[in-house]
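> Right, I'll just put the structure down here and ask away after.
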Amino acid sequence: MKISVLSGKGGTGKTTVATNLSYYLSKKGEKVQYLDFDVEEPNGFIFLKPKIENTFEVKVKVPQIDESSCTQCGLCAKKCNFNALSVTKNGVLVFEKICHSCGLCSLVCPVNAITEVEREIGKIEIGYTDNLKVVRGVLNIGEPMGIPILKDLKKLITPDYINIIDSPPGSSCSVVHSVEGSDYGILVTEPTKFGLHDLEIAVNVIRQLGVPFGVVINKSDENDYIIEEFCKKQGIDIIERIPFDRSIAQKYSKGELLDDKIFMEVFENIFSKIMEVSNNEADSCN
Amino acid sequence: MKQIVVISGKGGTGKTTLTSSFAYLAKNRDIADCDVEAPNLNLILDNTPMKRELYIGGKIAYIDKEKCIECGKCKSVCRFDAVKDNFQINDIKCEGCGACVEVCPNEAIKLIDDETGDVIISSIEGGKFSYAQLRIGADGAGKVVTKVRQSLMEDENKPELIIIDGSPGIGCVVISSLTGCNMAVVVTEPTQSGLEDLMRVLNLVDYFRMKAYVVVNKFDINLEKTKEIEDFCSKNNFEVVGKIPFDPYVNKAIKESKPVVQFDESIAGREIKRIWNIINEKIKEV
């Protein structure tokens, strides 16, 4: 099973929901894996504090030009749709960071002067917090593209686990790569105009991907009607509310999990709603 | 012309609250919302749209069913797994490299325009405001950011200053927002996540050799963490130019679609005014 936690807007509580839900379910005896897909700013490890057992480098392929055989014909630069190559009087320049590793340049080079070499853009770390398997991707500073890390992270999703994905904020290709193929999406929002606006964007993303979903209102207060009106109109389930509470803010700021009994109920409710929906989905397929 | 970008690393720390207030306080300025994946400044700035332009950020492959002989060469050369089993293109996976076009023996594949999103220019009191509406899952969000910024410079009435509302993270969208700026204002919050994300984003700013000033928002929710942030900044030669107290007026301002500095009673508003006076002096010096 794959459950994605997403939000559109940053800072609404994706990591709070994803880490605590993962930890709660693993304590309950479920086989769970938490995966932090927010590779630009991965914060899940702050709360779960896993013992890291494995680290892998994530590498992408970039062209290397053999200057002795290169005739500077310019075909590679002409064909590259990302402008990652340029022919100058001093030879062919490769702009590694805008290269998409598509391999077209080496394919078209008439004298086979291009080979592909590997370049590190980030890493993946795997560890454990008690029985909970904890994984994260980390993008190196100055690297623009995290997608290759997401692709490697996806390979670690296995059907024998409940996989909980902490998705990046926003609505672009990184979010799509994180969320597609999920069995359920938890949309975390907050009861403000900004929260609502970005929730609408997240709803558009997840509907396009055809993933069943529900909304969690974080920092819930007397302004919840902002979100409720929209959800009612759209026929969207509000599966849980996490109150605006000083003790939560305190724990969050210190980088601690929410382990009080009242919060157990919150995460139990979220999980049982998800199971309900996915059982219904399964029934409708039979 | 000078440019200031407001970024944060972590999402939801107060970029838009700060930018909307700077927009209100600054003279002879234009404003760009470069958080193109979840733009919110539009909800606060009183603006009238003047121009909407479709932005084509890249290409995408298209297979002509009539000409396709289903030989599978495109599939074997595609590194993005974008050719489906029925020999149609998966729009979300295709990055528009053109390798399939190159190997197709029957000229059945061509690259067509990929609509990345719309760029909108609005008029606001005393200047212009640009922002974008991105297509779901768009590749090339970074290029849209560049376009949003350029759209203000193409105009005959060039402003003295452009203030840019950035996005969370450290990847292509953020990099496109900050290249060429004279200064970054980095907003964080006193939480462990806020601190660790600040470290990553300040590293990025250093990588691009840019001047950065730090603001701690809601500093009084955890004074210990605020102290840690200040210690980290002083050790690494970053100046903390202001500490904004927690203030219910911030949410009230969002609700009423106004910058918080418009409320004279707001203690957060007063501190933001003080911060702006400092930034306004510093930008004259760079």
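The values are calculated or read from the model by the stated rules, or taken from the named source; none is laboratory data. None of these values were measured; they are calculated from a predicted model. Quick reminder, even Gly has a Cβ in these numbers, built from the backbone with ideal geometry, and neighbours come from all protein chains shown.
> Select the strands (runs of 3 or more DSSP E) contained entirely in the stretch A:1-83, then report the ones holding at least 2 residues which are in contact with a strand residue (DSSP E or B) (Cβ under 6 Å, 6 or more places away or on another chain) and more than 28 Å from A:S171 (Cα to Cα).
Answer list for the stretch A:1-83: A:51-65.
> Is one or more of the residues making up the stretch B:101-109 within 13 Å of chain A (Cβ to nearest Cβ), assigned to a loop (DSSP other than H, G, I, E, B) and modelled with pLDDT of 95 or more?
Scanning the stretch B:101-109, I find at least one residue that is within 13 Å of chain A (Cβ to nearest Cβ), assigned to a loop (DSSP other than H, G, I, E, B) and modelled with pLDDT of 95 or more, so the answer is yes.
> Give me a count of the residues in the stretch B:20-40 that are more than 10 Å from chain A (Cβ to nearest Cβ) and over 22 Å from B:N203 (Cα atoms).
Qualifying residue count for the region: 14.
> Counting only residues that are without any contact (Cβ under 8 Å) to a residue 40 or more places away in the chain, facing chain B (nearest Cβ under 10 Å) and over 27 Å from A:F56 (Cα atoms), give me the helices (runs of 4 or more DSSP H) lying completely in the stretch A:143-225 with at least 2 of them. Working first, answer last.
On the way: elements: A:147-154, A:173-179, A:193-208.
Qualifying helices (runs of 4 or more DSSP H): A:193-208.
> Of the numbered conditions (1) away from chain A (no Cβ under 13 Å); (2) under 15 Å from A:C80 (Cβ atoms), B:D85 fails exactly one; give the number of that condition.
For B:D85, the exception is condition (2).
> I would also like to ask the following. Which one of these is assigned by TED's automatic domain parsing to the domain that holds B:E125, in a loop (DSSP other than H, G, I, E, B) and not aromatic (F, W, Y): B:N251, B:N277, B:N237?
Working: B:N251 fails: in a loop (DSSP other than H, G, I, E, B); B:N277 fails: in a loop (DSSP other than H, G, I, E, B).
Testing whether each residue is assigned by TED's automatic domain parsing to the domain that holds B:E125, in a loop (DSSP other than H, G, I, E, B) and not aromatic (F, W, Y) leaves just B:N237.
> Report, by residue number, each residue of the stretch A:226-258 that is of a type in the set (V, I, T), more than 10 Å from chain B (Cβ to nearest Cβ) and either surrounded by fewer than 16 Cβ atoms within 10 Å (Cβ to Cβ) or not in a loop (DSSP other than H, G, I, E, B) (or both).
Correct list: A:I227, A:I238, A:I239, A:I242, A:I248.
> Moving on. Can you name the condition, by its number, that A:K273 falls short on among (1) among the charged types (D, E, K, R); (2) buried (at least 18 other Cβ atoms within 10 Å of the Cβ); (3) within 18 Å of A:T15 (Cβ to Cβ)?
Among (1) among the charged types (D, E, K, R); (2) buried (at least 18 other Cβ atoms within 10 Å of the Cβ); (3) within 18 Å of A:T15 (Cβ to Cβ), A:K273 violates only (3).
> Which strands (runs of 3 or more DSSP E) sit wholly inside the stretch B:1-84 and have at least 1 residues that are surrounded by fewer than 21 Cβ atoms within 10 Å (Cβ to Cβ) and among the hydrophobic types (A, V, I, L, M, F, W, C)?
Working: elements: B:2-7, B:29-33, B:48-63.
The qualifying strands (runs of 3 or more DSSP E) are B:48-63.
> Collect the residues in the stretch A:24-57 that are of a type in the set (A, V, I, L, M) and surrounded by fewer than 23 Cβ atoms within 10 Å (Cβ to Cβ), keeping them in residue-number order.
The first filter runs over the stretch A:24-57 and keeps only residues of a type in the set (A, V, I, L, M), leaving A:25, A:32, A:35, A:39, A:46, A:48, A:52.
Within the stretch A:24-57, A:L25, A:I46, A:I52 meet the criteria.
> Right, something else. Suppose the filter is among the β-branched types (V, I, T) and facing chain A (nearest Cβ under 9 Å); does B:V77 pass it? I'd like the intermediate steps shown before the answer.
Working: among the β-branched types (V, I, T): yes; facing chain A (nearest Cβ under 9 Å): yes.
Considered against the rule, which asks whether it is among the β-branched types (V, I, T) and facing chain A (nearest Cβ under 9 Å), B:V77 comes out as yes.
> Answer yes if at least one residue in the stretch A:128-137 is under 23 Å from B:I175 (Cα atoms) and within 14 Å of another protein chain (Cβ to nearest Cβ), and no otherwise.
There is at least one residue in the stretch A:128-137 that is under 23 Å from B:I175 (Cα atoms) and within 14 Å of another protein chain (Cβ to nearest Cβ).
> Considering only residues of the stretch B:231-255 that are loosely packed, with under 14 Cβ neighbours inside 10 Å and without any contact (Cβ under 8 Å) to a residue 24 or more places away in the chain, which is farthest from A:R246 (Cα to Cα)?
The selected residue is B:N237.
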